[in-house]
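Inspection log for the structure reproduced underneath, given as structure tokens.
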Amino acid sequence: MDRTPVPIVPRWHSPAEVAAILGYGSSKVKMKIATGELRSVKDGKYRRILPEWIDEYIQAQIDRQEAA
């Protein structure tokens with residue numbers, strides 16, 4: 001019986017993963033979280049970011065560029 005592995009899709013991301021997704025450094029992502037530009041939730045001692053919050057951040061950047 002052939003068992004094809006099921007891909008695991010993360011439900012949330014660490015700041016380091018978000019930095020890689022956005023092409024930013026970790027410190028920039030942490031600053032965006034600290035200023036509230038990028039939403040996150042605290043999970044114990046770690047911060048986690050939902051994929052839709054990354055999309056919201058990107059859309060806010062687009063909207064700000066278009067308004068300028």
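Since every read-out is calculated from the coordinates, none of them should be taken as a lab result. In this text the structure is predicted, and so the values were computed from the model without any measurement. When we count neighbours, we look across all protein chains shown, and the Cβ atoms used for this are built from the backbone with ideal geometry, even at glycine.
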Degrees separating the helix 51-67 axis from the principal Cα axis of the chain, which is the longest one | 30
Work out the charge dipole of the chain with +1 on the Cβ of Lys and Arg and -1 on the Cβ of Asp and Glu about the Cα centre, then indicate which of Gln61, Ile33, Gly44 is farthest towards its positive end.
-> Gly44
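Do any GluC sites (Glu not before Pro) in the chain lie in a loop, going by DSSP, with at most 14 other beta-carbon atoms within 10 Å of their beta carbon, and if so which?
Numbers: sites: Glu17, Glu37, Glu52, Glu56, Glu66; in loops: Glu37.
Listed in order of number, the matching sites are Glu37.
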GNM on the chain, C-alpha springs below 10 Å: top fluctuator among Val41, Val18, Val29?
-> Val41
If every Lys and Arg gets +1 and every Asp and Glu gets -1 at its Cβ, then about the Cα centre the chain yields a dipole, in debye to the nearest 20, of 440
Compute the long axis of helix 26-35 from its Cα atoms, compare it with the longest principal axis of the Cα atoms of the chain, and write down the angle in degrees, 0 to 90, nearest 10.
-> 60
Consider the candidate values [x] 52, 23, 19; [y] 58, 31, 18; [z] 37, 27, 17; state which one is Cα extents along the principal axes in Å computed from the structure displayed.
-> [y]
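Only sites in a loop by DSSP and with at most 10 other Cβ atoms within 10 Å count here; which trypsin sites (Lys or Arg not before Pro) in the chain make the cut? Write out the running numbers ahead of the final one.
On the way: sites: Arg3, Arg11, Lys28, Lys30, Lys32, Arg39, Lys42, Lys45, Arg47, Arg48, Arg64; in loops: Arg3, Arg11, Arg39, Lys45.
Passing both the DSSP loop test and the Cβ count: Arg3, Arg11, Lys45.
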